[in-house]
1. Would you mind telling me which numbered condition in (1) more than 24 Å from residue 424 (Cα to Cα); (2) within 11 Å of the ligand (Cβ to nearest atom) residue 330 fails?
2. Is there any pair with a first residue in segment 307-322 that is within 18 Å of residue 373 (Cα to Cα) and a second that is within 8 Å of the ligand (Cβ to nearest atom) and part of a helix (DSSP H, G or I) whose Cβ atoms are under 6 Å apart and which are 6 or more apart or on different chains, and what are they?
3. Just for segment 338-396: of the residues that are more than 9 Å from the ligand (Cβ to nearest atom) and in contact with a Pro (Cβ under 6 Å, 6 or more places away or on another chain), which one is farthest from residue 314 (Cα to Cα)?
4. Name the single residue, out of those in segment 286-326 being more than 16 Å from the chain's Cα centre (by Cα) and of a type in the set (Ser, Thr, Tyr), that is modelled with the highest pLDDT.
5. If you take the residues of segment 143-168 that are touching a Leu at 6+ places or on another chain (Cβ under 9 Å) and within 16 Å of the ligand (Cβ to nearest atom), which of them is modelled with the lowest pLDDT?
6. Is it the case, given these coordinates, that residue 403 is buried (at least 19 other Cβ atoms within 10 Å of the Cβ) and within 16 Å of the ligand (Cβ to nearest atom)?
7. For residue 207, only one of the following conditions fails: (1) within 21 Å of residue 245 (Cβ to Cβ); (2) modelled with pLDDT of 90 or more. What is its number?
8. In segment 71-118, which residues are hydrophobic (A, V, I, L, M, F, W, C), in a loop (DSSP other than H, G, I, E, B) and surrounded by fewer than 19 Cβ atoms within 10 Å (Cβ to Cβ)?
Amino acid sequence: HYSSRGRWPNLLLPPGSMGLPIIGETLLFMCGKKQFFESRFKQHGEVYKTHILGSPIILMNENNLVTVFWPESVRHLLGKGSLTNSVGELHRTKRMALQKAFSHTAMSDYISIMQKVVQTCIKSWCSQEIVFGYQECKNMSFALAVEALLGFSLTPKEQRNLLDVYRVFENNLFSFPRQYPGFGFTKGMEARKTLLANIKECLELKMHKMNSNEGSAQHGFKDAMSRLLDNQGEHSVHLPDLMDLCLELLFAGHVTTASAATSILIYLNQHSEVVTKVQAELEEHGLAQSQELDLTLANLGHLRYVNGVVKEVLRLSPPVGAGYRTVLKSFTLNNYHIPAGWTIAYSIRETQQTSNIFEDTNKFNPDRWIDHKYPDEKFHFLPFGGGPRLCLGKEFAMMFLRVFVVEIVRSCSWELVEGSVKMSYFPVPHPKDGLPLRFSERV
Ligand code: HEM
């Protein structure tokens, strides 16, 4: 409905194709091909338009020019209390409350759980003939989220059952948002109900323990939810909102971290010279041999090359390819007219891969993060987004991925069962065949 000249008579809408009526280019986008953005970027430059997820999209200060955008199904499935569905002051207050769960003290507490979860997974991988890397990384990041973020103490069977319900929820996040019998969205809403019932039971148990002074820190570890409940006085969040926030943490932290861990397995498999350098760094800091040796914020902080490996994986294979916003007020960008009501996406993948600050940009080179200091890095390297919606779990995810690199390099080796890896990029980068691998313990 927009005139291509809008309120700025001399400015045009950005170039690009709007695809088929109604669905636009959604199907091409959801095919998960990396080329979707790449080819349009090559053809049209930095700002272009397309039509996906039911909205015209232009690729390119929250609450002023733009506001957060997610498809309707995601908004319903995540619930009213989530950060995703909160804007302005409400969003800010909820973030402040959640941030308590990611403080420095909290982080040093989470390391032991991260190490335990990774070591348990590696042990199991080494005992199996063939392991499907992507599925196993998803199981691993789910186990981590359930233990460290939600603080559920589940038997392996209970955890598997919960993961089955969670899968139904996740598989239907992007679905036609109508609750008719048999529709994906209806299944997703049912799974949401079951997940919330589990979360509620767990939160009430924690609250009961706190009220009767049986704090959850008695075993020396406090999960994210307990930390939130501890701080209820300061930035109070009501129980239904808290339940939605727990579900959101599970969603936001699970598949993103699993994708990154899978990419680490792929890149390290392709670059034995990088594995050798990680080993050398671990040796230098006395961390190469003992799998029992506890990792701490301090000793992880010394591992600059390991940090470079994680950053390089997130640069070349960012789990979140883009962030979406709705335009509140028309504005101009690179001399194009961006109309109110449209949806814009900032593309993380293209920004990182076309930025001129990274020499030899397609090369997997962790050393670049040690050799160079990149001024204005945050405008060129943004796997966790930026601004008021910067990823809340950034430090948590970075720390987990560093623990993962240390543990896999010092305790095992792995090889591909198939000769090559073919990737899909929707909803996150992942190997099409699930990545069959053979693990063996390092002796
Ligand atoms: C938001 C990436 C892991 C919690 C975001 C955004 C990105 C991102 C790009 C911003 C989206 C936007 O601009 O609309 C990642 C990546 C991860 C990761 C690449 C792993 C490698 C995690 C983990 C957690 C988490 C482990 C929880 C512990 C969140 C939350 C938000 C968010 C709650 C919403 C923030 C808000 O709306 O204020 N993440 N994330 N993420 N992330 Fe992450």
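The values are calculated or read from the model by the stated rules, or taken from the named source; none is laboratory data. As the structure is a prediction and not an experimental result, all values here were calculated from the model. Note that we place each Cβ from the backbone using ideal geometry, even for glycine, and neighbour counts take in every protein chain shown.
1. Condition (2) is where residue 330 drops out.
2. 310/401
3. Across segment 338-396, the extreme among qualifying residues is 342.
4. Within segment 286-326, the match that is modelled with the highest pLDDT is 305.
5. 152
6. So residue 403 passes the test.
7. All conditions are met except number (2).
8. Scanning segment 71-118 gives a single hit, 87.
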